[in-house]
Amino acid sequence: MILGYAAILVTVLLWSGFFISLKGGAISALQPADIALVRFLVPSLILLPFVMKHKAALKAVPNKYLTGIVLGSGLPYLLVAGTAMHFAPVAHGSALIPGTLPLFVSAIAVLFYQQSLSHHRIIGLSTVLLGIFVFLLSNIGEEYNWSQLQGHAMFLVGSLMWAVFTISARVANLNAYVCAGFVAIVSLLMLIIAVGFGWIDSYLAVTPISSWPWEELFSHAMLQGVGAGLIASFTFIYAIKIIGAEASAAFGSLTPVVATLLAVPIFGEQPDSLTWSALILVTCGSVVASQIFMKHELTQTYRPPLHR
């Protein structure tokens, strides 16, 4: 059990590092496309042999689910989340993306899979909605902060994309590393094409290699490619096996708090009382919406059909 809790702790730290990395890229000369490069290059190189070995499993998955997997956790998702960090602080992004995930997953489950929701889960999701409303209130000042509102909207779109990935990956029933490798490889190819045709901006593409910020790129590669892309996948799966999916999901809901605390010394962010209130509401709502308090209630267990 101790190893299971250690694994979920490492996972939360790495997930928090993901948002720290996105914010670091947002306040530097690097573009979201540059962060995407280091995010997907490392897993692509490491997992390519593994993906090639399991091509048959990938071919057996319907294209709509493979598309959902790439859309929800690949290049499109990273570009949306990375761009949003230009408009809002870490506390908002780390809360609105993972914190509202149960809300969007439940909406998809109800609308497309006729999944029922228990009163317990409804209470949790309602708390998340209240937290979102408080975040929107934080934009009110002498003048409404439309720029930050744009960031909030993009974070919510990112959460919806992640929900699509969550459902698609669950239905596809792929090995975690096959899934991660497939996303990384396809996203890297998409990135090369998009930058090559000038569809998205890239600082690295127009800067001599000798002038690249190598130390910054290395830190992003460690946090994004190795940390969030590889290690977190293993530690989260291991934690689920040891302490269960419900407890793992509940502990994972602490990511916004950890990311916010890390952003204080790293970026000098000072969340106000309204932000902390919204953060607590979203986090607590996510914990309640998980299954940790009512493990034996059947309506809490989401089971979409497998594709085979």
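The values are calculated or read from the model by the stated rules, or taken from the named source; none is laboratory data. Just so it is clear, the structure is predicted and the values come from calculations on it, not from any experiment. Cβ coordinates were reconstructed from backbone atoms using ideal geometry, including for glycine residues, and neighbour counts include every protein chain displayed.
Looking at the range 92-113, is at least one residue out of contact with any Leu (no Cβ under 9 Å at 6 or more places or on another chain), surrounded by 20 or more Cβ atoms within 10 Å (Cβ to Cβ) and of a type outside the set (A, V, I, L, M, F, W, C)? Yes, that holds for at least one residue.
The residues listed here are Leu174, Leu156; of these, the one that is buried (at least 16 other Cβ atoms within 10 Å of the Cβ), outside any helix (DSSP H, G or I), out of contact with any strand residue (DSSP E or B) (no Cβ under 9 Å at 6 or more places or on another chain) and in contact (Cβ under 8 Å) with a residue 40 or more places away in the chain is Leu174.
Taking the range 99-110 as the range and being among the hydrophobic types (A, V, I, L, M, F, W, C) and either under 22 Å from Phe133 (Cβ atoms) or touching a helix residue (DSSP H, G or I) at 6+ places or on another chain (Cβ under 6 Å) (or both) as the test, the residues that pass are Leu101, Leu103, Phe104, Val105, Ala107, Ile108, Val110. When the residues of the range 115-144 are filtered to those that are closer than 14 Å to Phe155 by Cβ and free of Cβ contacts under 8 Å to residues at least 24 places away in the same chain, the one that is surrounded by the fewest Cβ atoms within 10 Å (Cβ to Cβ) is Leu136. Residues of the range 177-202 that are crowded, with 17+ Cβ neighbours inside 10 Å and aromatic (Phe, Trp, Tyr): Tyr177, Phe182. The sole residue among Val10, Val38 that is under 18 Å from the mean Cα position of the chain (by Cα), surrounded by 23 or more Cβ atoms within 10 Å (Cβ to Cβ) and of a type outside the set (Asp, Glu) is Val38.
With respect to Leu75, determine if the residue is surrounded by 22 or more Cβ atoms within 10 Å (Cβ to Cβ) and closer than 14 Å to Gly181 by Cα. Quick ask: steps written out before the conclusion?
On the way: surrounded by 22 or more Cβ atoms within 10 Å (Cβ to Cβ): yes; closer than 14 Å to Gly181 by Cα: yes.
It is true that Leu75 is surrounded by 22 or more Cβ atoms within 10 Å (Cβ to Cβ) and closer than 14 Å to Gly181 by Cα.
In the range 59-85, the residue that is farthest from Asp34 (Cα to Cα) out of those that are in a loop (DSSP other than H, G, I, E, B) and of a type in the set (Gly, Ala, Ser) is Ala60.
If the condition is being under 26 Å from Ile123 (Cα atoms) and surrounded by fewer than 17 Cβ atoms within 10 Å (Cβ to Cβ), then the range 252-283 contributes Asp272, Ser273, Leu274, Trp276, Ile280. Would you pick out the residues in the range 208-233 that are without any contact (Cβ under 8 Å) to a residue 12 or more places away in the chain and either outside any helix (DSSP H, G or I) or more than 21 Å from Phe19 (Cα to Cα) (or both)? Result: Pro208, Ile209, Ser210, Ser211, Trp212. From the list Ala56, Ala88, the lone residue that is crowded, with 20+ Cβ neighbours inside 10 Å and either assigned to a helix (DSSP H, G or I) or touching a residue at least 40 places away in the same chain (Cβ under 8 Å) (or both) is Ala88. Going by the conditions given, is Ser28 crowded, with 24+ Cβ neighbours inside 10 Å, closer than 21 Å to Leu262 by Cα and touching a residue at least 24 places away in the same chain (Cβ under 8 Å)? No: the conditions fail for Ser28. When Leu174, Leu204 are screened for being closer than 20 Å to Ala60 by Cα and out of contact with any Gly (no Cβ under 6 Å at 6 or more places or on another chain), only Leu174 passes. Residue selection: Val195 fails the criterion of being β-branched (Val, Ile, Thr) and farther than 20 Å from Val70 by Cβ.
Which residue out of Gly252, Gly198 is more than 19 Å from the chain's Cα centre (by Cα), over 15 Å from Ala36 (Cα atoms) and of a type outside the set (Phe, Trp, Tyr)? Before the answer, list the steps.
On the way: Gly252 fails: more than 19 Å from the chain's Cα centre (by Cα).
Testing whether each residue is more than 19 Å from the chain's Cα centre (by Cα), over 15 Å from Ala36 (Cα atoms) and of a type outside the set (Phe, Trp, Tyr) leaves just Gly198.
Filtered by the rule that a residue be among the polar types (S, T, N, Q) and either farther than 21 Å from Ala169 by Cα or buried (at least 21 other Cβ atoms within 10 Å of the Cβ) (or both), the range 228-251 gives Thr235, Ser248. For the range 180-188, the condition of being β-branched (Val, Ile, Thr), in a helix (DSSP H, G or I) and at pLDDT 95 or above holds for at least one residue.
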